[in-house]
Amino acid sequence: MDVNTCLQRTESREAPKPHDSLWFFDGSVVLATDTLLFKVHKGFLSLKSSVFKDMFELPSPDGSALGEVGAVIMPELYEGTPMVTLVGDKGTDVEQLLLAVYEKRYINRDRNDLSLEAFAALLRLSTKYDFKDIRRELITLAGRHYPMFQSSYEFTSSLHCKLGVGQMFSQRRDSIVLLQAMFESNVDYLLPILYYSCCSFSMETILAEAHSIRAECLHNLLIGREKLQSRLKMYITKLPDILHACTGSTGCTSPDGKKCPHVGRFANLCDLLDTTDLYSIAGARTIYKKLLVHPPGICKGCRSLLMRTIESERQKIWEEIPSMFGYPGWRDLRAKMDAAVL
């Protein structure tokens, strides 16, 4: 065994250390994690969390208290203060939770610099320990970046950093991490929009992240992705018929005397057959990228009708998305989310 291995094992066995700032001189309980200790206030935590309230009030016969979430209040003291061991919670995650508890505006809907890892940890622990206010703020923040209205979603998705935020939700993998966090925390009304967001990933990308996704969640994602892809493929193959139906129906004639159906056609639609992104077949994008026309082109009337028809079909598919993953429609999901964050 080399020296580095010995040092790593020794470090991993080191006792947790008091946190630099979350160690209050008048604290009434010490929360112990794998790496950090926090001296905080029982009364304050009890006001914010029903789980901590019950934990502090229900001692067991042997002098310790065992919470349903796995936290154990030991009969031993740490420097004269009762100690609670938070089993299975990382010190850095608990640090984020306590910062959110003690700093009133640590989380708010306008915050732009909260890392995805911190967000996921806060959502998991606020759910586990029933910090309702923190969970509500997190869900509101996520809903802002993953809206359930098609136009709003496509606007935010078209930006490299959604709505100008810094680290949070700015990378492609973020949707997968957030999907898993929401699934584990039972935020079911945001799952369809996150499933849809993850559908834009290649199968290779999804499978590469499969180890971090629960089996049921992964199953829903893959089945829904297949349904969405099939639905879009069916629509794309009908685009030539849609073009034929829209052009010439206004009785228009191009300047050279040819009717619009004879001057326009779609080309290279096969490039879109594997898409799972409705934005890739938006009316304007489809017309300008895939519609080939002979000079002088189709008239404004036919072009406008074609664009409106494409957008109408896209809206129909958008409305079908939640059902592809086994959920009710967007209206019901939005209503459920509104009720949860009030």
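Quick look at the numbers
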item: Chain lengthening between Phe25 and Leu269 when straightened (0.36 nm per residue, less Cα-Cα); result: 81.0 nm
item: Proximal charge balance of Lys48 [Cβ under 14 Å; K/R count +1, D/E count -1]; result: +2
item: Order by protection proxy (mean Cβ within 10 Å, highest first), peptides 228-241, 24-37; result: 24-37, 228-241
item: Ser151-Leu342 FRET efficiency (beta carbon distance; Förster radius 41 Å; 0.05 resolution); result: 0.95
item: Whichever lysines have a C-alpha closer than 27 Å to that of Lys53, once near sequence neighbours (fewer than 8 apart) are set aside; result: Lys17, Lys39, Lys42, Lys90, Lys104, Lys128, Lys132
item: Lysines whose Cα lies under 22 Å from that of Lys233, excluding same-chain neighbours fewer than 8 positions away; result: Lys289, Lys290, Lys316
item: Order by protection proxy (mean Cβ within 10 Å, highest first), peptides 184-195, 81-92; result: 184-195, 81-92
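Read the figures in this text as sums done on the coordinates, not as results from a lab. Predicted, not measured: the structure shown is a model, and the values here were computed from it. Backbone-built Cβ (ideal geometry, glycine too); neighbour counts: all protein chains shown.
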